[in-house]
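What follows is a short report on a single structure.
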Amino acid sequence: FDTVNQRVVNTRIDTVALIYGSYVLGTSFLESRDTNGQVQWQYQIGDLATVQRVVTDPSGNIYVAGLFQQTLYLGTNDSLTFITGTFIFQNTFIIKLDNQGTLLWKRNVTATWPDYEGIESLAIDPSGNCWFAMTDFFDAKIVEMDGNGIDQSNHHIRNGKRIGNISFDPWGGMFISG
């Protein structure tokens with residue numbers, strides 16, 4: 001629930017492609033709904049994608065993270081290119097939208113962190129910075145981004161097989177479960 005704009009921000013998958021042993025991929029829609037459940041706007045993410053996490057910041061901006069294969073189509077006229085490499089089967093993305101559903105920036109996280117796949121957790125700290133957690137099943141990384149999606153700092157957790165969640169207290173203390 002986005003307390004700034006008094007709305008529910010959700011995703012729903014519209015079309016699906018299931019590849020055995022992989023993620024469910026398809027076209028998803030990010031939706032902003034008022035407190036009565038009426039759709040205010042929607043934003044398309046596809047064609048072979050899955051949304052894993054959604055959070056809003058204190059300004060009402062929306063961060064969306066997930067996985068994709070091939071080209072990731074964003075909205076009606078934008079995209080992210082798929083990065084290929086040894087043992088890279090899916091790419092990881094994070095996008096930021098304003099409170100009206102306009103794309104502010106997009107990022108292929110695989111370009112920076114090719115050994116990690118998917119976003120385990122996404123959280124906003126009290127200063128409004130977005131943090132994401134990812135694992136490669138052997139180690140975990142927790143990364144802080146600035147408002148433009150640029151990495152500012154990261155924390156490495158050895159033998160961190162899974163991150164369940166990251167969250168912050170009002171003073172900026174980070175809590176990690178997994």
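Close amide H partners of E120, meaning residues 5 or more places away or on another chain with modelled amide H under 5 Å apart, are A133, M134, T135.
The residues of segment 23-122 expose on average 44 square angstrom of accessible surface per residue, using a 1.4 Å probe on protein heavy atoms.
Name the shape class, rounded, prolate or oblate, that the alpha-carbon gyration tensor gives for segment 12-149, where a ≥ b ≥ c are the square roots of its eigenvalues, rounded holds for a/c under 1.5, and otherwise prolate holds if a/b is larger than b/c and oblate otherwise. Here segment 12-149 falls in the oblate category. Amide H contacts of L104: K96, L97, D98, each under 5 Å away and 5 or more positions distant or on a separate chain (H built 1.01 Å from N in the peptide plane; Pro and chain starts excluded).
Taken one residue at a time, the phi angles of segment 109-116 give Karplus couplings (6.51, -1.76, 1.60, θ = phi - 60°) of 5, 4, 4, 8, 10, x, 7, 10 Hz. Gly and Pro are set to x. Of all the options Y73, Y43, Y23, the one that moves most in a Gaussian network model of the chain with Cα springs shorter than 10 angstrom is Y23. Length gained on full extension, I150 to D34, computed as 0.36 nm times the residue gap minus the Cα-Cα distance: 38.6 nm. Modelled spin labels at N165 and T86, positioned 7 Å past Cα toward Cβ, are 3.9 nm from each other.
In order along segment 66-77, the Karplus-derived 3J(HN,Hα) couplings, from 6.51 cos²θ - 1.76 cosθ + 1.60 at θ = phi - 60°, round to x, 10, 8, 10, 6, 7, 8, 8, 10, x, 9, 8 Hz, and Gly and Pro are given as x. Mean-square fluctuations from a GNM of the chain, with a 10 angstrom spring cutoff on Cα atoms, peak among V55, V24, V109 at V24. Along segment 81-89 the Karplus relation, 6.51 cos²θ - 1.76 cosθ + 1.60 evaluated at θ = phi - 60°, assigns HN-Hα couplings of 7, 6, 9, 9, x, 5, 6, 9, 9 Hz to successive residues, with x for each Gly and Pro. By the scheme Lys and Arg +1, Asp and Glu -1, what is the net charge of all other residues having a beta-carbon under 13 Å from that of D14? Around D14, the surrounding residues sum to -1.
Expressed as a whole percentage, what fraction of the accessible surface of segment 81-138 belongs to carbon and sulfur atoms when a 1.4 Å probe is rolled over the protein heavy atoms? Carbon plus sulfur share of accessible area: 54 percent. Available extension along the chain between N10 and D139 is 43.5 nm, counting 0.36 nm per residue and deducting the alpha carbon span.
The values are calculated or read from the model by the stated rules, or taken from the named source; none is laboratory data. Note that the structure is predicted; figures quoted are calculated from it, not measured. With ideal geometry, Cβ positions are generated from the backbone for all residues, glycine too; neighbour counts draw on all protein chains shown. With ligands, DNA and RNA removed, areas are computed over all heavy atoms of the protein, side chains included. Shrake-Rupley method; radii C 1.70, N 1.55, O 1.52, S 1.80 Å.
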